[in-house]
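The values are calculated or read from the model by the stated rules, or taken from the named source; none is laboratory data. Worth saying up front: this structure is predicted, and the values here are computed from it rather than measured. Every residue, glycine as well, gets a Cβ built from its backbone with ideal geometry; the counts of neighbours run over all protein chains shown. Accessible surface areas use protein heavy atoms only, side chains included; no ligands, DNA or RNA. Shrake-Rupley method; radii C 1.70, N 1.55, O 1.52, S 1.80 Å.
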4 protein chains.
Amino acid sequence: MAHIARDAKALTARIRRIRGQLGSLEEALAGDADCVAVLQQIAAVRGAVNGLMAKVLEDHLREHFAPVEGTDADEMEQLVGIIGSYLK
Amino acid sequence: MAHIARDAKALTARIRRIRGQLGSLEEALAGDADCVAVLQQIAAVRGAVNGLMAKVLEDHLREHFAPVEGTDADEMEQLVGIIGSYLK
Amino acid sequence: MAHIARDAKALTARIRRIRGQLGSLEEALAGDADCVAVLQQIAAVRGAVNGLMAKVLEDHLREHFAPVEGTDADEMEQLVGIIGSYLK
Amino acid sequence: MAHIARDAKALTARIRRIRGQLGSLEEALAGDADCVAVLQQIAAVRGAVNGLMAKVLEDHLREHFAPVEGTDADEMEQLVGIIGSYLK
């Protein structure tokens, strides 16, 4: 079973949390929203989306790719670490 | 009227589009989602959230801040341009 | 004296450290560089450049811009905080 | 020959250009630097460093990793495309 199918429940829960954050943002806009609060809420949504991407991308790397002959096995985790630093 | 209130309708439409993207992502996960398609959908959500942040942040700068005495008036647009390059 | 002139010495020291990092990267490439080490060195340079940008941009905001009438004085620090989160 | 060794000359040229950009930045700071010009120069250095990272990371992926059995061959290029969009 691919990582996406295996993690579907956990990933869906993450997505629903992000949809909930966006729902609160909509409510804030419908009310007398404070600009800074709106900016902070959007930044929080961005952080959650980056976290979602990091999770799926890292699992994708581990499951669908492997170091070729002559490449150390631990290079996968080093690669995941470097890419992860860009997704924060 | 603050920019947030003035743009509430347009911002809400953006947020609903992002919620729709997330809804499609949930459906993909409920079905036989292809990993690369999921990664590309998440990247599209991230781009949309960055666009939303850029819009609100730029309007926030223009409306709530002004160059102090001795600072050229066009420095606001230059500042907005530099910050915008980070939000893509 | 503008923040750039006032901080010139400290900013120059930061820039020299980054040039030093790039010098070590050149030496690594001239030798038998390990790919992962090179990737980690580039990531470190990127972090240092982002730190440099954050420092100059935040000082630039504080010195050349001010909240307009009706905008709370603390909104500058909130704005700097939000922008800073994007420059990490 | 690993991609790093093979591309050492081209990568070194990129690094020297970035060092040159940083040298100009130092000169600007030693003179009567304009803040916005300094900010734009730093943003340009950041873009060049991101380009350097994208180049090395993409070659690293292609050379040291391969799709495992059951994963389409074209998934490497799709993966490189998604990761590349984060390094801009």
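Answer yes or no as to whether A:Ala66 is within 14 Å of chain D (Cβ to nearest Cβ), open to solvent by less than 60 Å² (accessible area, probe 1.4 Å) and not in a helix (DSSP H, G or I).
Numbers: within 14 Å of chain D (Cβ to nearest Cβ): yes; open to solvent by less than 60 Å² (accessible area, probe 1.4 Å): yes; not in a helix (DSSP H, G or I): yes.
When the stated conditions are applied, A:Ala66 passes them.
Report yes if some residue within the stretch B:75-86 is part of a helix (DSSP H, G or I), free of Cβ contacts under 8 Å to residues at least 12 places away in the same chain and under 26 Å from A:Ala30 (Cβ atoms); otherwise report no. The answer is no; no qualifying residue exists.
In the stretch A:21-64, what residues are of a type in the set (A, V, I, L, M, F, W, C) and under 13 Å from the mean Cα position of the chain (by Cα)?
A:Ala44, A:Val45, A:Ala48, A:Val49, A:Leu52, A:Met53, A:Ala54, A:Val56, A:Leu57, listed by residue number.
Of the residues that make up the stretch D:18-31, is at least one outside any helix (DSSP H, G or I) and over 20 Å from C:Val45 (Cα atoms)? Looking through the stretch D:18-31, at least one residue is outside any helix (DSSP H, G or I) and over 20 Å from C:Val45 (Cα atoms). In the stretch D:4-58, which residues are more than 27 Å from C:Ala10 (Cα to Cα), surrounded by 18 or more Cβ atoms within 10 Å (Cβ to Cβ) and within 7 Å of chain C (Cβ to nearest Cβ)? Selection gives D:Ile4, D:Ala8, D:Leu11, D:Val56, D:Leu57.
When C:Glu75 is tested against (1) open to solvent by 20 Å² or more (accessible area, probe 1.4 Å); (2) farther than 16 Å from D:Arg14 by Cα; (3) among the acidic types (Asp, Glu), exactly one condition is not met: (1).
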